[in-house]
1. When you scan the stretch B:285-298, do you find a residue that is buried (at least 17 other Cβ atoms within 10 Å of the Cβ) and over 30 Å from B:PHE196 (Cβ atoms), even just one?
2. Within the stretch B:64-122, track down each residue that is over 27 Å from the mean Cα position of the chain (by Cα), closer than 25 Å to B:TYR167 by Cβ and not in a loop (DSSP other than H, G, I, E, B).
3. All but one of (1) modelled with pLDDT of 95 or more; (2) crowded, with 18+ Cβ neighbours inside 10 Å hold for B:VAL72; which doesn't?
4. Only one residue in B:THR266, B:THR235, B:THR243 is within 10 Å of another protein chain (Cβ to nearest Cβ) and closer than 28 Å to B:ASP198 by Cα. Which one?
5. Tell me whether the stretch B:316-333 contains one or more residues that are farther than 20 Å from B:ALA382 by Cα and free of Cβ contacts under 8 Å to residues at least 24 places away in the same chain.
6. Check B:VAL272 against each of (1) among the hydrophobic types (A, V, I, L, M, F, W, C); (2) more than 8 Å from chain A (Cβ to nearest Cβ); (3) in a loop (DSSP other than H, G, I, E, B) and name the one condition it does not meet.
7. Scan B:GLY396, B:GLY390, B:GLY419, B:GLY386 and give me the residue that is surrounded by fewer than 17 Cβ atoms within 10 Å (Cβ to Cβ) and closer than 26 Å to B:THR307 by Cβ.
8. The conditions are (1) under 23 Å from the mean Cα position of the chain (by Cα); (2) on the phi > 0 side of the Ramachandran plot, and B:GLY414 fails exactly one of them. Which is it?
Amino acid sequence: MVILGEMVRDIMKKIFQSNILLIVLLMSSGCSSLGVEPWERDLLARKEMALNASPIDAALDDHIYFSKEASSGGRSFAGGGCGCN
Amino acid sequence: MQLTNKLQKTNQQTLARNKSKNLKSLLTAATCSLLGTTGQVNAKAQSQTEENQWQFDTALMYYGETDRVTAVEGIIAATKEFDDEEFLSLKLTIDSLTGASANGAVAQPYVQTFARPSGKGTFDVPAGETPLDDTFKDTRVQVNASWAQPLTTDYTISTGLHASKEYDYVSLGLNASLTRDFNKKNTTVAVGFAAFYDEIEPEGGIPNPLAILPEPKTTAIDDRPRIGSSDNKTTIDVLLGLTQVINRRAIMQFNYSFSKVDGYLTDPFKIVSVVDDLGLVQNQIYEKRPDNRQKHSIFWQTKYHFTSTVVDFSYRYLWDDWEISSHTFELRYRIPFGTGYIEPHLRHYMQEAAEFYRPFIEQGDAYPSYVSADYRVGEMNAYTLGFKYGLPLKNGQELSFRIEYYQQDPENPGYDLPGVLQDVELFESVEALIVQINYSF
């Protein structure tokens with residue numbers, strides 16, 4: 001499992017760095033160029049492009065991690081909810 | 001309550017409505033054929049075809065830890081669009097929990113005997129093993145209801161209610177949020193508020209924090225120090241969100257959340273071992289946590305649509321006045337597969353310990369004001385490796401399967417381990433398997 005841990009850590013690090021790079025590029029290009037015209041929303045309108053594309057999965061995950069870790073929320077409210085152990 | 005991009009929702013709704021209309025037309029035509037009214041669809045029938053159907057999403061999940069907790073959770077969620085963009089959502093969640101959970105005490109090179117939290121009877125923990133309290137058995141029922149509607153062209157409001165009940169716990173909550181669209185609906189700003197009231201009534205009552213546990217005995221006499229039968233806490237959450245369409249393929253969300261919790265935040269089932277300089281347990285005390293906590297978090301999500309695949313990456317940084325901080329990285333990658341899709345999932349969670357976390361207390365040291373040996377407020381790394389397969393069926397139905405492996409690796413935040421504690425596992429990993437089936441219709 002140490003290998004899995006290192007693998008996950010490496011992948012996350014690379015993606016995080018590339019996202020930071022993307023943000024910097026977007027900011028340098030100016031916010032005015034952001035966005036699309038209404039007729040350019042074909043891809044964005046797809047279900048899989050919804051920010052919370054699987055709300056049921058997200059609810060189940062939130063319940064697990066709320067019970068097992070000291071952090072909760074972020075995407076939505078942190079909330080109370082259960083005396084889970 | 002869901003702070004999703006309104007415009008994205010609008011587009012989906014338009015597509016769904018068109019699809020729904022087609023389906024409704026077919027159903028109406030079929031009904032008319034059966035009734036023998038060939039093709040003469042009157043105005044009433046026409047208006048009925050405009051009404052939307054309920055959309056159901058259901059799931060059944062199994063969560064099993066090696067030698068510890070096992071849970072089964074079922075969800076039925078129903079959503080209906082009443083008028084243009086007015087949505088009512090109802091959700092019922094039922095879960096059942098059994099098994100054992102670490103009680104906070106340290107492992108010892110001999111058999112340890114503990115009183116059950118209820119005060120009824122005792123249980124033994126074998127030499128060298130992490131003490132697990134095996135008395136967890138609970139069933140929880142939760143209901144949620146929410147309503148969302150546009151206020152004006154650019155504003156949308158949503159409100160929600162939450163109620164959850166289990167044997168020893170009740171949680172009630174409400175929430176509201178307001179979103180405003182700008183810039184041809186490419187930018188959405190959201191502000192949300194939620195409040196919860198939780199009450200716990202543990203079997204055996206609320207233990208006196210930091211009091212020494214009496215010697216476990218098998219008689220029915222319960223002389224454990226108690227300060228009451230129940231206690232409560234209140235939670236206030238505030239969420240500020242910004243969603244931005246970047247281009248035809250990319251969308252981002254940024255959230256800031258603040259959460260303030262006041263009241264009973266101690267876990268009545270957790271204890272802390274007091275050890276001598278040989279690492280041998282002298283006694284156990286009940287844990288005590290502060291009676292308030294203020295958390296902050298920032299959340300950033302990016303979704304990008306490649307030619308056919310979709311990558312979903314999110315990062316959350318959380319910090320609080322217990323000195324807990326955490327980083328969470330999550331990645332999903334959706335790949336078309338046959339008529340459906342597959343979606344690998346990776347999650348990495350890193351947590352710094354709470355200021356009052358102690359894996360044990362050394363005899364002779366003054367008791368701290370607050371102390372908990374619960375590994376969940378300690379230092380840890382956690383990993384999730386998952387895989388989902390989704391299969392669209394006829395008429396907008398979908399079946400999907402998910403399997404995930406979750407591992408928590410608690411770590412020593414820097415305490416010297418005296419004597420025998422060097423020879424036992426104090427920071428044991430927890431491994432869990434999650435299996436889930438979803439059906440939407």
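The values are calculated or read from the model by the stated rules, or taken from the named source; none is laboratory data. Here the structure is a predicted model, which is why all the values come from computation and not from measurement. We place every Cβ from the backbone using ideal geometry, glycine too, and count neighbours over all the protein chains shown.
1. no
2. B:PHE114, B:ALA115, B:THR122
3. (2)
4. Details: B:THR266 fails: within 10 Å of another protein chain (Cβ to nearest Cβ); B:THR243 fails: closer than 28 Å to B:ASP198 by Cα.
Sole residue among the options that is within 10 Å of another protein chain (Cβ to nearest Cβ) and closer than 28 Å to B:ASP198 by Cα: B:THR235.
5. Looking through the stretch B:316-333, none of the residues is farther than 20 Å from B:ALA382 by Cα and free of Cβ contacts under 8 Å to residues at least 24 places away in the same chain.
6. (3)
7. Details: B:GLY390 fails: surrounded by fewer than 17 Cβ atoms within 10 Å (Cβ to Cβ); B:GLY419 fails: closer than 26 Å to B:THR307 by Cβ; B:GLY386 fails: surrounded by fewer than 17 Cβ atoms within 10 Å (Cβ to Cβ).
None of the other options fit; the residue is B:GLY396.
8. B:GLY414 satisfies every listed condition except (1).
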